[in-house]
Structure formats: C-alpha cells, structure tokens
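S.K.: Take a look at the following structure, please.
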Amino acid sequence: TTEKSAVFIIFGGSGDLAHRKLYPAMYNLYKSGVLKDHFAVIGTARRPWSDDYYRSTVVDSLEDVDDDEKAMTEFSKHFFYQSHDVTDSDHYIALKNLAAKLDDQFDTGHNRIYYMAIAPRFFGTVAEHINSEGLKTDGYNRLVIEKPFGRSFDSACDLNSSLTKTFSESEIYRMDHYLGKFMVQQLTDIRMKNKTFEKALDHKYVSNMQITLSESLGVEDRGGYYETAGVLRDMIQNHIMQIIGAVAMDEPAKLDSDSIHEVKRAVFANLKDLTPEEVDQNFVRGQYGEDATGKLKAYREEDNVDANSNIETFVAGKVTMSNERWDGVPFYVRSGKRMPAKSSRIDVVFNDKVEELGIKPNTTVTFLIEPENGSSILVNGIDYQSANQDFIKFPEDSHYFDNEREAYESLMIDILDGDQIHFTLWDELQNTWKYVDVIRQQWDNETPDFPNYMSKTIGPDAASELLEKDGNTWVWDA
Ligand code: BG6
C-alpha cells in the first residue's frame with residue numbers, strides 16, 4: 001500500500017452521509033495505511049462547532065467499526081472544523097487559508113479533494129465559489145459529487161454546466177455507490193475470465209435479464225428528499241442503469257477507465273427510447289401501504305410525506321436495447337422499498353439453445369450483489385463452486401468473496417488514485433436521464449391508484465404480470 005496525500009474539504013461534514021459512510025471508510029483506509037501522516041480533513045457546515053467537538057463526532061461515527069481508542073483518537077487529530085455558509089465568499093477565503101495551512105502542517109502536496117456531501121441544491125453554488133475565490137491549487141483538484149445529479153435531463157445539464165466552469169470532466173467524480181460494490185466490480189473480471197459464459201451473454205442464448213434492488217426498509221427519516229425523487233430517480237436512473245451497463249457492455253479492450261467507459265457509453269446510447277404508450281405497457285409503479293398487522297405505516301403516513309403523495313416507492317419495468325447483441329432481450333428491472341427482504345441481484349436467465357455452448361438448457365446464473373451473508377454467484381440457485389458446471393469458474397479460492405471492501409472505501413481509493421473507472425461520466429448520465437424522463441413525464445400525466453401494495457410484500461401484481469405477458473417469471477420472489 002502506498003500512502004496518499006491530500007486535504008479533503010467535506011461540505012456537509014456534520015451530516016449523516018459523512019458520519020455514516022465517509023468517516024468509517026476513511027478510517028479503514030487509515031488502518032490499512034492508504035491514509036497515514038499526510039492527510040487532513042476540513043469538515044464544513046453552518047453550525048458553529050469546535051475542532052474538538054467535531055473530532056468527537058468523528059470518533060463516535062466509528063463506534064461500529066473499531067474499538068481501538070488510540071488509533072481512533074490519532075485519526076481524529078487530522079480533522080478540522082470550519083463553520084461555513086455556502087453563499088458567503090469570505091468563508092471560502094477562510095477555507096482556502098486553512099487548507100493552505102494544513103498543507104504545510106501535513107505536507108499534503110497541495111492536493112485537494114472537494115467532497116459534496118450537502119443538499120444537492122448547493123452543489124453548483126459551492127463549485128462556483130471554489131472557482132471565484134481561487135481555491136484550486138497547483139496540486140490535483142478533484143470534485144466528488146454525491147447523487148442525485150439533477151432530477152431530470154435539463155436540471156442535470158444545468159448542474160453540469162455550473163460544475164464545469166470550475167472543474168473539467170476528468171476532475172469530476174460522480175458517485176454511484178453501487179459501482180463501488182464488490183460484485184458489481186468483479187462482474188467485468190468474471191466475464192473476461194469465463195469465455196463460454198461471455199459468449200452466452202447474447203440474444204441467441206439469453207431469454208431475459210433481471211435486475212432487482214429490493215429493500216425491506218421504508219423511507220425512514222428521508223421523506224422530504226424522497227418526495228422530490230421516488231424510486232425512479234433514487235434507484236433506477238443511477239444504480240439500476242449502471243448495473244445494466246456492467247452486464248450489457250461489450251468486452252473492453254483493456255481493464256482501464258477509458259476502455260470500460262467506451263463500452264459502457266455504447267450501452268446507454270443503445271437504450272431503446274420509450275414512447276408514452278410503451279411506458280404504460282412496460283413500466284409499473286407502486287407505493288406501499290401498511291403491512292398486514294397495521295404496525296408499519298403506509299408511505300403517505302410517513303414523516304414529511306404528503307398525505308396524498310403520488311410518489312412511487314416501487315418500480316418494475318422492461319428495458320430493451322437496440323444493438324444486435326441484445327436484440328429482443330428484455331432487461332427486467334425492479335426496485336422498491338418495504339419489500340419482504342433486502343436483496344440486490346442480477347439474474348441471467350438462459351434459453352434452451354444455450355446447450356450448444358455446453359451449458360444446461362434454461363440455466364439461471366445469479367450474481368448476488370448485496371445480501372446479508374456477502375456476495376456470491378449462484379447457478380440454478382446453488383453456489384457456483386458446488387454447482388458442478390464448468391462454464392463459470394471464478395476464482396478457485398472458495399473464500400474469494402469473504403474479504404470485500406466496503407463500497408465507499410473502494411471508491412475513496414479510486415479518487416485518491418485519480419481513477420474514474422468506477423464513476424459515472426457525463427455522457428452516460430445524459431442518456432440515462434433522457435430515458436427516465438419519458439417515464440416520469442408519462443406518469444406525471446396520470447394520477448396513480450396508490451397505495452397499491454402492502455408493506456413487506458413483493459410489490460403490485462402488475463409487476464408479475466409484466467413478465468407473464470412475455471411468458472417469463474421473476475426468479476426472485478422472496
Ligand atoms: C441510495 C438511495 O442511493 O441507495 C437509498 O438513495 C437506498 O434510498 C440506498 O436505500 C440503497 O443502497 P444499499 O447500498 O443499501 O443497497
């Protein structure tokens with residue numbers, strides 16, 4: 001491990017995301033030596049906090065990560081707090097001076113990572129001030145931006161143009177934490193190492209693809225945000241689309257960022273645009289009601305949610321592509337809150353012609369991205385190593401999937417390395433927004449009959465009917 005040097009400026013340093021994800025990820029990097037002596041973190045937010053108080057919140061955020069008090073305290077000494085109003089130019093000057101001072105103190109090579117962990121409406125303002133107050137240095141300057149990246153194609157364009165006044169595309173790291181998940185990252189490698197499987201990923205042999213991101217929790221305390229999003233914007237436009245990119249892309253020339261983005265770009269460019277009629281036929285929306293016992297609240301009863309809200313908490317749909325490889329193959333996608341279990345998975349359902357390649361007819365290969373017991377690959381529901389089918393061997397070591405890095409940790413390493421391989425590029429994003437906008441607009445024209453599924457159930461019946469119409473069924477039905 002080589003140690004990395006940078007000053008991190010975390011906008012939203014007192015917030016939930018920073019404490020839940022960023023500090024634990026950084027701490028793990030600290031423990032493994034990626035961050036060591038030459039890094040400092042400036043947390044900013046409006047409230048007036050002292051460095052000491054801020055450090056104590058950082059240590060508190062590590063409660064579930066470690067109990068090594070000494071290491072946690074040492075780690076927290078790299079953290080500094082700056083009270084900050086995002087619209088006040090003077091505050092950026094103060095930030096710039098503090099960063100310069102920490103640069104000297106920790107010898108961080110003038111490198112800056114600006115991390116936007118604040119409300120999305122401030123992304124543009126902060127980026128513009130970084131420019132106007134001259135915060136950029138002669139080291140590297142990387143902007144990390146959390147989702148949502150806009151809420152439509154147009155708003156994403158506006159946001160992007162305000163960011164690109166300050167940062168070039170190669171300096172912008174758009175987070176999609178699903179791209180940091182181990183199985184999603186391994187997928188490319190698995191495909192490249194199993195030539196028969198890779199060959200079978202084609203319309204000749206694939207009956208259908210299924211991508212499910214189900215959650216058992218409801219909106220919890222995020223009702224305010226969720227009311228502006230819904231699953232379509234929260235999960236489909238980003239995580240589901242990026243997973244489609246990873247399974248549907250052609251083999252990249254090399255395993256580097258440029259080659260991977262080249263083949264991914266093609267996937268998003270090949271998404272077959274929907275007509276409004278196709279939205280009605282191919283997409284289903286739902287919103288959760290109470291559970292059977294009446295203990296769990298309906299979505300419309302949640303905090304900060306409109307009592308007549310028409311926001312969807314469930315989406316199922318059929319995505320198709322216009323290139324030859326995937327000609328006629330449905331990519332069924334599904335995501336929802338308050339489903340029976342948390343499951344993030346890709347099911348590849350082969351047809352009977354796959355026998356030509358020596359694979360048993362109608363085999364299903366499942367990539368479990370994020371179940372509780374860790375990721376793995378199943379062949380017809382059985383662990384691939386016990387399934388006794390040699391078209392998928394990866395790798396020989398049965399403990400391979402045991403030591404996964406957490407998504408944020410892995411993405412943080414990429415940012416420190418200057419590697420955009422697992423981040424969303426602007427051209428990809430434009431196409432996914434255009435695709436999703438058509439669905440949104442069609443739905444906004446009609447009042448749905450909500451709620452239409454009970455909490456802790458698999459979703460509205462229409463989601464099963466969607467596949468039945470094509471003679472298919474969902475592999476995962478909880
Ligand atoms: C986030 C969404 O991007 O992903 C949340 O905003 C969702 O609504 C979460 O709960 C799911 O991520 P994970 O890693 O828990 O599957």
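S.K.: Here is a check on your reading of the model: is Gln242 under 15 Å from Leu187 (Cβ atoms) and within 12 Å of the ligand (Cβ to nearest atom)?
M.R.: yes
S.K.: Could you go through segment 320-333 and let me know if any residue there is of a type in the set (S, T, N, Q), touching a helix residue (DSSP H, G or I) at 6+ places or on another chain (Cβ under 6 Å), in contact (Cβ under 8 Å) with a residue 12 or more places away in the chain and outside any strand (DSSP E or B).
M.R.: For segment 320-333, residues of a type in the set (S, T, N, Q), touching a helix residue (DSSP H, G or I) at 6+ places or on another chain (Cβ under 6 Å), in contact (Cβ under 8 Å) with a residue 12 or more places away in the chain and outside any strand (DSSP E or B): absent.
S.K.: Take the conditions modelled with pLDDT under 95, more than 23 Å from the chain's Cα centre (by Cα) and more than 16 Å from the ligand (Cβ to nearest atom) and apply them to Lys199. Does it pass?
M.R.: Judged against the criteria, Lys199 is not a match.
S.K.: Suppose we keep only residues that are within 16 Å of the ligand (Cβ to nearest atom) and among the charged types (D, E, K, R) within segment 396-425. Which one would you say is farthest from Tyr173 (Cα to Cα)?
M.R.: For segment 396-425, the residue satisfying everything is Glu404.
S.K.: Against the conditions (1) at pLDDT 95 or above; (2) loosely packed, with under 14 Cβ neighbours inside 10 Å, where does Arg47 fall short? Just the number, please.
M.R.: Only one criterion in (1) at pLDDT 95 or above; (2) loosely packed, with under 14 Cβ neighbours inside 10 Å is unmet by Arg47, namely (1).
Each row is one residue, and each column tells you yes or no for (1) in a strand (DSSP E or B); (2) at pLDDT below 95.
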site: Tyr30; (1), (2): no, no
site: His38; (1), (2): yes, no
site: Ser56; (1), (2): no, no
site: Val59; (1), (2): no, no
site: Asp64; (1), (2): no, yes
site: Tyr92; (1), (2): no, no
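Table: residues versus (1) outside any strand (DSSP E or B); (2) farther than 25 Å from Ala478 by Cβ.
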{"site": "Glu278", "(1), (2)": "yes, yes"}
{"site": "Val284", "(1), (2)": "no, no"}
{"site": "Thr293", "(1), (2)": "yes, no"}
{"site": "Leu296", "(1), (2)": "yes, no"}
{"site": "Ile311", "(1), (2)": "yes, no"}
{"site": "Ser335", "(1), (2)": "no, no"}
{"site": "Met339", "(1), (2)": "yes, no"}
{"site": "Asp347", "(1), (2)": "no, no"}
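S.K.: Please determine, by comparing only the residues of segment 211-231 that are of a type in the set (A, V, I, L, M, F, W, C) and in contact with a Gly (Cβ under 9 Å, 6 or more places away or on another chain), which one is nearest to Phe350 (Cα to Cα).
M.R.: Here the residue is Leu213.
S.K.: Here is a follow-up. Which one is nearest to the ligand (Cβ to nearest atom), of the residues in segment 316-347 that are among the hydrophobic types (A, V, I, L, M, F, W, C) and out of contact with any Phe, Trp or Tyr (no Cβ under 8 Å at 6 or more places or on another chain)?
M.R.: Top of the filtered list is Ala341.
S.K.: Same structure, new question: Going by the structure shown, is Val305 in a loop (DSSP other than H, G, I, E, B) and buried (at least 23 other Cβ atoms within 10 Å of the Cβ)?
M.R.: no
S.K.: Going through segment 213-235 one residue at a time, which ones are surrounded by 18 or more Cβ atoms within 10 Å (Cβ to Cβ) and within 11 Å of the ligand (Cβ to nearest atom)?
M.R.: Leu213, Ser214, Glu215, Gly218, Val219, Tyr226, Ala229, Gly230, Val231, Arg233, Asp234, Met235
S.K.: Continuing with the same structure: Give the residues of segment 442-459 that are on the phi > 0 side of the Ramachandran plot and surrounded by 20 or more Cβ atoms within 10 Å (Cβ to Cβ), sorted by residue number.
M.R.: Gly459
S.K.: Out of the residues in segment 362-398 that are hydroxyl-bearing (Ser, Thr, Tyr) and over 17 Å from Leu187 (Cβ atoms), state the one that is modelled with the lowest pLDDT.
M.R.: Ranking the candidates gives Ser398 first.
The values are calculated or read from the model by the stated rules, or taken from the named source; none is laboratory data. Note that the coordinates shown come from a computational prediction; the quantities given were computed from them, not determined experimentally. Neighbour counts run over all protein chains shown; Cβ positions are idealised from the backbone, glycine included.
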